[in-house]
Amino acid sequence: MAKKVLVIAESRESELRNVSFEAIAAGKEIAAGGEVIAAIAGENVSALTDALVHYGADRVIKAENEKLSTYTSDGYGQVFLQIINSIKPDAILLPHTSMGKDIAPKLASKLDAGLISDATAIELDGEDIVFTRPIYSGKAFEKKKVKAGVTIATIRPNNISALEKDESRSGEVFSEDVEIKDLRTIVKEVVRKSTSGVDLSEAKVIIAGGRGVKSEDGFEPLQELADVLGAAVGASRGACDADYCDYSLQIGQTGKVVTPDLYIACGISGAIQHLAGMSNSKVIVAINKDPEANIFNVADYGIVGDLFEVVPLLTQEFKKVLQTN
Amino acid sequence: MNIFVIMKRTFDTEEKIVIENGKISEEGVEFIINPYDEYAIEEAIQLRDDHGGEVTVVSIGSEEVEKELRTALAMGADKAVLINNEELEDSDQYTTTALLAAYFGDKEYDIILGGNVSNDNSTGQIGPRLAEKIGIPYVTTITKLDIDGSTATIERDVEGDVEIVEAQLPLLVTAQQGLNEPRYPSLPGIMKAKKKPLEEIDYDELDVEDDEIEAKTETIERYLPPKKEAGKVLDGEVDDQVQELVKLLRQEAKVI
Ligand SMILES: Cc1cc2nc3c(=O)[nH]c(=O)nc-3n(C[C@H](O)[C@H](O)[C@H](O)COP(=O)(O)OP(=O)(O)OC[C@H]3O[C@@H](n4cnc5c(N)ncnc54)[C@H](O)[C@@H]3O)c2cc1C
């Protein structure tokens, strides 16, 4: 049966995050011919609504208010609850990002609903919407559904493909009047620390460094390779603990869980806690001078060698072949 | 200050996962305090040392959780509470939240701390769900916490950026890595912990109806990811290996 699906989109620094489009594609599948409505909140989001339609939303609801300039669970919670109560969707999808992780449980609690977090795939089984999600940091998977009532799920970036952008698509854009009151948490300041523009959880390619990079400067050749490939730089906990880089780069069981198309591990031994965060990447390359390193057991391709020799050569070679194209 | 920590017992991060009869096998598995909850316990102890008051660690689970609760007491918490749910067949984040909300129903609290996510189910739902249910504000993935009177000034990790947030107590916060360095229990700490109060409550003693704790979600299947085939370790001169790798990534794997 056709369903009505609400997709809560997210922008970052005035740009829609790609996972918003992936969530719309997921919404389309769940809607099964029904309607997909995208909602976006912020101080000024009018410029973003067209793209939501081009990527498949049938209708867009925007909520603009100066109190929505930065995300707060109270502010955005009021807006999205108001929208949910007026359109009464069968399913609600959010991105599994900082925002989605923070607000989805609040909405679920308010609606007395089941929430499936961090879904990587969706299938329909009759009337049931079945989600696949990693458990034990990707060491296993489970399939799960909501038994009754509205289904809420957060969608992990990079796993469900967005639809092709189609600029000929049209859809109505509605403005939701919102009055934001009683913000119990106030964001005083946001300190931007992310170095490159590429976000780890959404990156298609990740160059990760471990204790083998030996110093903060040792990350430079990795960053150069990342720049050539439009990749993000990540790290093992070993590198973070040794202060070679910020903890925000950590990948693994107690860091980020990533699933890029290509993961290049440089000077990382491949401890089980690190593998938990990256072993579901599509293609893994290991560069390590120890042929016995465990990372080679999960790598599709390996080079046994000194990363300070191999990585710069790799950068040169990619530069060469990508230029001639 | 009345300080509470919600804590979960989870698999040691070294453990491999075995599935038996559709369930995750616990046979021979080492358990630990969920690593993120350890940060929460440490922060709670530091808050108490700075502001006075009492730290109570609350966990839901089987009798075996007593071991991890004793560890929390040995670290320095004052009291522990185990809400025993062994008899409860079917449970999800909705259930857990309802039980915790019922427990906190008649308590006075200034702050509740928890981990931002558990390393087994990794939903990260319990903190925000609970705060919403008991009507207090929450701040997730915090890396710094300062309390002055009834005002909390917090740094939170937002995908690498740092947000500085202000909120009033009572408040719920969830810990991110980097919040502190959890201490190891000391020998005197372990001795003292044996005499500290550990209260056990059966879940059905809480003021909550059966239909209020019925799980909203259902697990249909659990499985292990397909085993990876051994990869290709390249050989030859390093220049050739690099050229070969780039070719393979473009032509065989087609990821670049
Ligand atoms: C509760 C808990 C949670 C954890 N969570 C995480 C997590 O989320 N993420 C994580 O990564 N770890 C985590 N760990 C830590 C994990 O167990 C490992 O200690 C860590 O991953 C090791 O980091 P590493 O591979 O960089 O360092 P090492 O194990 O020291 O490996 C360094 C590697 O670099 C290689 N090397 C050295 N020099 C060179 C060179 N010039 N060229 C090429 N190779 C070189 C060496 O051969 C070696 O294999 C956790 C541990 C615990 C207990």
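The values are calculated or read from the model by the stated rules, or taken from the named source; none is laboratory data. Computed from a predicted structure; not experimentally measured. In this analysis, Cβ positions are derived from the backbone assuming ideal geometry, glycine residues included, and neighbour counts consider all displayed protein chains. Surface areas here come from the heavy atoms of the whole protein model, side chains and all, with no ligands, DNA or RNA. Shrake-Rupley method; radii C 1.70, N 1.55, O 1.52, S 1.80 Å.
Of note:
- Choice from B:VAL162, B:VAL233, B:VAL29 with maximal GNM fluctuation in chain B (Cα, 10 Å cutoff): B:VAL233
- Protein heavy-atom surface of the stretch A:122-279, 1.4 angstrom probe: 44% of the accessible area is carbon and sulfur, with nucleic acids and ligands not counted.
- Accessible surface calculations at 1.4 Å, restricted to protein heavy atoms, place the protein assembly as shown at 42 Å² per residue.
- Heavy-atom accessible surface of the stretch B:1-107: percent carbon and sulfur, 1.4 Å: 37 percent
- Only Cα pairs under 8 Å and 6+ residues apart enter the sum, and on that basis the relative contact order of the stretch B:1-155 stands at 27 percent.
- Dipole of the stretch B:2-212, positive end: most advanced residue of B:ILE24, B:VAL81, B:THR153 [Cβ charges, Cα centre]: B:THR153
- Neighbour count of at most 14 Cβ within 10 Å plus DSSP loop: longest trypsin sites (Lys or Arg not before Pro)-free window in chain B: B:17-106
- Prolate/oblate/rounded label for the stretch A:47-187 (Cα gyration tensor, a/c 1.5): oblate
- Nearest-0.05 FRET efficiency for A:ASP182 and B:ILE220, computed from C-beta distance (R0 45 Å): 0.65
- Neighbours of B:ARG48, meaning other residues whose beta-carbon lies under 9 angstrom from its beta-carbon, give a summed charge of -4 when Lys and Arg score +1 and Asp and Glu score -1.
- Longest DSSP-loop-exposure-free segment, GluC sites (Glu not before Pro), chain A, at most 14 other Cβ within 10 Å: A:44-126
- Environment charge of B:GLU15, counting only residues whose C-beta is closer than 12 Å and scoring Lys/Arg +1, Asp/Glu -1: -4
- Dipole-positive endmost among B:PRO182, B:LEU248, B:ILE213 within the stretch B:178-256 (Cβ charges, Cα centre): B:LEU248
- Rg/Rh (Cα only; Kirkwood hydrodynamic radius) as it applies to the stretch B:2-212: 0.95
- Calculated FRET efficiency for the pair A:LYS110/B:LEU187, C-beta based, R₀ 35 Å, to 0.05: 0.15
- Interface of A with B. Using a 1.4 Å probe and counting protein heavy atoms only, the two chains hide about 7200 Å² of accessible surface, both sides summed.
- Put a dot 7 Å past the Cα of B:LYS247, heading toward its Cβ, do the same for B:LYS196, and the two dots end up 6.3 nm apart.
- Compared with the dominant Cα axis of chain B, that is its longest principal axis, helix B:66-75 is turned about 80°.
- At 1.002 mPa s and 20 °C, Stokes diffusion of chain A via Kirkwood alpha-carbon radius, µm² per second: 102 µm²/s
- Distance between modelled label sites at B:SER150 and B:ILE164, nm, 7 Å Cα→Cβ extension: 2.4 nm
- Amide H contacts of A:GLY209 (H built 1.01 Å from N, under 5 Å, at least 5 apart or other chain): A:GLY234, A:ALA235, A:SER236, A:CYS266
- Per residue, the convex hull spanned by the alpha carbons of the protein assembly as shown comes to 158 Å³.
- C-alpha long axis of helix A:18-31 to longest principal axis of chain A, angle in °: 50 degrees
- Centroid-to-centroid separation of the stretch A:175-243 and the stretch A:251-325 [C-alpha atoms, Å]: 18 Å
- Counting only alpha carbon atoms, the long axis of helix B:35-51 and the longest principal axis of chain B meet at about 40°.
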